[in-house]
1. Among the residues of the stretch B:107-144, what is the count of those that are without any contact (Cβ under 8 Å) to a residue 12 or more places away in the chain and of a type in the set (D, E, K, R)?
2. Can you confirm whether residue B:81 is away from chain A (no Cβ under 14 Å) and over 21 Å from residue A:47 (Cβ atoms)?
3. Is one or more of the residues making up the stretch B:108-118 in contact with a strand residue (DSSP E or B) (Cβ under 6 Å, 6 or more places away or on another chain), under 30 Å from residue B:69 (Cα atoms) and among the aliphatic types (A, V, I, L, M)?
4. Just to be sure I understand, how many residues within the stretch B:104-142 are of a type outside the set (A, V, I, L, M, F, W, C), farther than 18 Å from residue B:56 by Cα and exposed (fewer than 14 other Cβ atoms within 10 Å of the Cβ)?
5. Please specify each residue of the stretch B:162-184 satisfying the condition of being in contact with a strand residue (DSSP E or B) (Cβ under 8 Å, 6 or more places away or on another chain), surrounded by fewer than 16 Cβ atoms within 10 Å (Cβ to Cβ) and over 16 Å from residue B:149 (Cα atoms).
6. If you go through the stretch A:44-60 one residue at a time, how many are outside any loop (DSSP other than H, G, I, E, B), more than 11 Å from chain B (Cβ to nearest Cβ) and in contact (Cβ under 8 Å) with a residue 60 or more places away in the chain?
7. From B:53, B:59, grab the single residue that is buried (at least 20 other Cβ atoms within 10 Å of the Cβ), of a type outside the set (S, T, N, Q) and over 16 Å from residue B:186 (Cα atoms).
8. Listed residues B:11, B:25; which is under 30 Å from residue A:174 (Cα atoms) and either of a type outside the set (A, V, I, L, M) or within 13 Å of chain A (Cβ to nearest Cβ) (or both)?
There are 2 protein chains.
Amino acid sequence: MSPKRFHTIKPEIRVLGIDDGRFIPHSKGTVDIVGVVYRGPYFFEGVMKTKIAIDGLDATEKFALMINNSPYFGEIRVVVLDGVTFGGFNVVDIRKLFSLTGLPIISITREKPNLPQIKAALRNLSYFDLRWGVMENAGELFEVEIKPTLNPVYLHVAGILYEDAKMILKKTSTVANIPEALRVAHLIASGLT
Amino acid sequence: MSPKRFHTIKPEIRVLGIDDGRFIPHSKGTVDIVGVVYRGPYFFEGVMKTKIAIDGLDATEKFALMINNSPYFGEIRVVVLDGVTFGGFNVVDIRKLFSLTGLPIISITREKPNLPQIKAALRNLSYFDLRWGVMENAGELFEVEIKPTLNPVYLHVAGILYEDAKMILKKTSTVANIPEALRVAHLIASGLT
C-alpha cells in the first residue's frame, strides 16, 4: 500500500494514541493496552482497550482488531504508538498494522532507541529472528523537534510521509513533545491498570 | 464546616470528575469507579480509581479514600459527581464527603431526579432509612443552565455556594453541559470497565 498523503492537515484531526499498562516484566500473562482518541489537541473523544501477551507475538494483530472494531474507526486519521515494543518485547509491525487498518502509523519515543541493547534482550526470547525482523521492518528512524523548548523525539513511520507525520505531531501536541492522545493514553494505562 | 468561598475562579481550576463503570444491576460484587482530573476545560491531568459494592453502603468512604490518597489531592479545588447514586443505589453523602476531604462537592445530573421513583426503589433494599437519609442530606436541588443551547442540568452542592458552583461548571465545560472532567470520567469508566 502506498502512503496516505495529507494535502491539508485539519487542526481537528482525529488521532488515536496507544500505550500499555503496568505489568511485571518477564512474567506470564497479559498486559492491558489502552487507546485514546483525541480530536485535535484539546478534545477527548473516547477510549478503547485490548490485552496482549507479555513478551508475546500478538501485538500487531490485537492492535488491528481493537482499532478496526472500535466505534471511532471511521473517524481516526492516524495512529500514534509509544514505541514499537509493548508488554515487554511484544513487537508491533508498523507496516503490517498499516496494511491491516489502512491507517498511517507513527511510532514515537522520547529516548533514542538503543538497538544493540534491544537486540541483545531479544536474543533471550523465543523467535529471535521473527522479533528482530519486525523491529527492522519499522524502517528509518527520524529525529524530530516537536517543541523548540523540549527535547527532540524519535519516529518510525508507516503509510505516511515523514513531513506529514511531523506536521500532525506538531498540530496535536500542547505542552508535551508528544500528541495529547498519546500522553493521555499513557496516563490512563498506567493509572488504571 | 462552612462552605469554601471562591473569591476568583481561575480558568485553570483543577476539577475532579467521578463516575462509575458498567455493572449488572442487582448483582453481587463491585463496580469500578473512575476519577479524572482536568486543569480548566482542556487539559487532562490524571486518573484515579476505586471499587465500591453494587447497591452497597461504602461509596462515601471509598470516594474519600480515593481522593485523599491521590497524588492530585493537593491541586484539586472541587469534586463533581455524576448524581449521588453509584453502582446502583450506593448513595454518596455529599456533606460527609465534603467534611472527609475538605473539598467542595457538586453533584450534577442531566435528568431531574425523580424522588418518588428513587424512594420506591430504595424500599426494595436493606437499610432504607439510612439510604434515604443520605439522599435527603444532599439538600436543595438547583436547576442551572450551563450552555444556552443545551438543556439545563440539576445540582446538589456541599461546601460551596450555588453561585460559585454554577460559575465553575460554566468555566470548565466546553461542548457539553457538564465539566470536561466528568464527561471524560464517564467515557473512561464506561469504555474501559
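1. Let us first name the residues in the stretch B:107-144 that are without any contact (Cβ under 8 Å) to a residue 12 or more places away in the chain, namely B:114, B:116-117, B:120, B:123-124, B:126, B:128-129, B:133, B:136.
Now narrow it down to the ones that are of a type in the set (D, E, K, R): B:123, B:129, B:136.
Summing the residues that are without any contact (Cβ under 8 Å) to a residue 12 or more places away in the chain and of a type in the set (D, E, K, R) in the stretch B:107-144 gives 3.
2. Values: away from chain A (no Cβ under 14 Å): yes; over 21 Å from residue A:47 (Cβ atoms): no.
Here the answer is no, as residue B:81 does not meet what is asked.
3. Kept after step one, since they are in contact with a strand residue (DSSP E or B) (Cβ under 6 Å, 6 or more places away or on another chain), are these residues of the stretch B:108-118: B:108-110, B:112.
Narrowing further to those that are under 30 Å from residue B:69 (Cα atoms): B:108-110.
Next cut, among the aliphatic types (A, V, I, L, M) only: B:108.
Checked the stretch B:108-118: at least one residue is in contact with a strand residue (DSSP E or B) (Cβ under 6 Å, 6 or more places away or on another chain), under 30 Å from residue B:69 (Cα atoms) and among the aliphatic types (A, V, I, L, M).
4. Initial filter on the stretch B:104-142 (of a type outside the set (A, V, I, L, M, F, W, C)): B:104, B:107, B:109-114, B:116-117, B:119, B:123-124, B:126-127, B:129, B:131, B:133, B:136-137, B:139-140.
If we keep only those that are farther than 18 Å from residue B:56 by Cα as well, we get B:104, B:107, B:109-114, B:116-117, B:139-140.
Those still in the list that are exposed (fewer than 14 other Cβ atoms within 10 Å of the Cβ) too: B:111-112, B:114, B:116-117, B:139-140.
Of the residues in that region, 7 qualify.
5. B:162 - this is the single residue of the stretch B:162-184 that is in contact with a strand residue (DSSP E or B) (Cβ under 8 Å, 6 or more places away or on another chain), surrounded by fewer than 16 Cβ atoms within 10 Å (Cβ to Cβ) and over 16 Å from residue B:149 (Cα atoms).
6. Within the stretch A:44-60, residues that are outside any loop (DSSP other than H, G, I, E, B), more than 11 Å from chain B (Cβ to nearest Cβ) and in contact (Cβ under 8 Å) with a residue 60 or more places away in the chain number 1.
7. Numbers: B:53 fails: buried (at least 20 other Cβ atoms within 10 Å of the Cβ).
Within the list B:53, B:59, the selection yields B:59.
8. Values: B:25 fails: under 30 Å from residue A:174 (Cα atoms).
Going through B:11, B:25 in turn, the sole match is B:11.
The values are calculated or read from the model by the stated rules, or taken from the named source; none is laboratory data. The shown structure was predicted, so the numbers you read here are calculated from the model rather than taken from an experiment. Positions of Cβ are generated from backbone atoms using ideal geometry, with glycine treated the same way; all protein chains shown enter the neighbour counts.
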